[in-house]
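Asks: Take this structure first; my questions come after.
FYI, it's all coordinate maths here, none of it is from the lab. No experiment lies behind these values; they were computed from the predicted model shown. Methodologically, a virtual Cβ is constructed for each residue, glycine included, from the backbone with ideal geometry; neighbour enumeration extends over all protein chains shown.
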Amino acid sequence: MLLLNNRLDSQCNGSSNPVLPLQPISVAIDASCDEFQQYNDGVFDMSCGTELDHGVLLTGYYLDKSGRGGFWRVKNSWNTDWGDDGYIEMEMELKPGEPGCCGINMQPAAPVGAVMSPNYVPPTRCGDGDQLACEVGSSCCCAAKGFLGCKTWTCCSSGQTCVKDSGCAAPTR
């Protein structure tokens, strides 16, 4: 992802993965629709429009298997009771010039002089589907085994140990 002409656009660099700067980016969105205000979980793929009225923090992204779509991971300021522990997953629009879901691509703001991280590592995708992606510094762990493999995934933070088929645990001393 790059800030180009004051818009959010993707950059390929030989792949279809957007490039993220080192730090989160503030973005303006249209949060006026009831569906956004009552969001609980999953990928939000409805557009409230492009009348930007609310500031949020774009903290990351996940791509689908094709690399042509996915979602932005966005932190809201309405507290952890809203959405997915204060976050929303908003559909990613990778077509240059498009406003994106709720206008998310229209007005990004980053510090002047911000640089791309040459060592950026995308989140780790758990399992063979789109069940979960763990943030950098954490790892995938099978929390519950199913008939054909892991049924439920979780992310263990650094310092935690994955206990097979049981989830994360603090290290024993």
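Asks: Taking the Cβ of D85 as the center, what net charge do the other residues with Cβ under 15 Å away carry, scoring Lys and Arg +1 and Asp and Glu -1?
Replies: -3
Asks: Counting other beta carbons within 10 Å of each Cβ, put L148, L63, L57 in order, fewest first.
Replies: L148, L57, L63
Asks: At 0.36 nm per residue, and after removing the present C-alpha to C-alpha distance, how many nm does the segment from S157 to S77 gain when stretched out fully? Please list the in-between numbers first.
Replies: On the way: separation 80, 0.36 × 80 = 28.80 nm, distance 2.33 nm.
Value of the extension gain: 26.5 nm.
Asks: While we're on this one: Hey, rough spin-label estimate for K164 and Q38, points 7 angstrom out along Cα→Cβ, what's it come to in nanometres?
Replies: Output for this residue pair reads 4.5 nm.
Asks: Next up: Name the residues whose placed amide hydrogens come within less than 5 Å of the amide hydrogen of N105, ignoring near sequence neighbours (fewer than 5 apart) on the same chain.
Replies: Residues meeting the criterion, in which the H sits 1.01 Å from N, are G100.
Asks: For C126, what residues show an amide H to amide H distance below 5 Å, using hydrogens built from the backbone and excluding near sequence neighbours?
Replies: The list, which skips near neighbours in sequence, is L132, A133, C134.
Asks: Sorted from fewest to most neighbouring beta carbons within 10 Å, what does the list M106, M46, M90 look like?
Replies: Lowest count first: M46, M106, M90.
Asks: So who's got an amide H within less than 5 Å of the one on K151, skipping anything under 5 residues away but keeping other chains? H placed 1.01 Å off N, in plane.
Replies: When sequence neighbours closer than 5 places are left aside, the close amide H contacts are A144, K145, G146.
Asks: Moving on to the next point. Please arrange W78, W72 by how many other C-beta atoms lie within 10 Å of their C-beta, fewest to most.
Replies: With the sparsest Cβ surroundings first, the list reads W78, W72.
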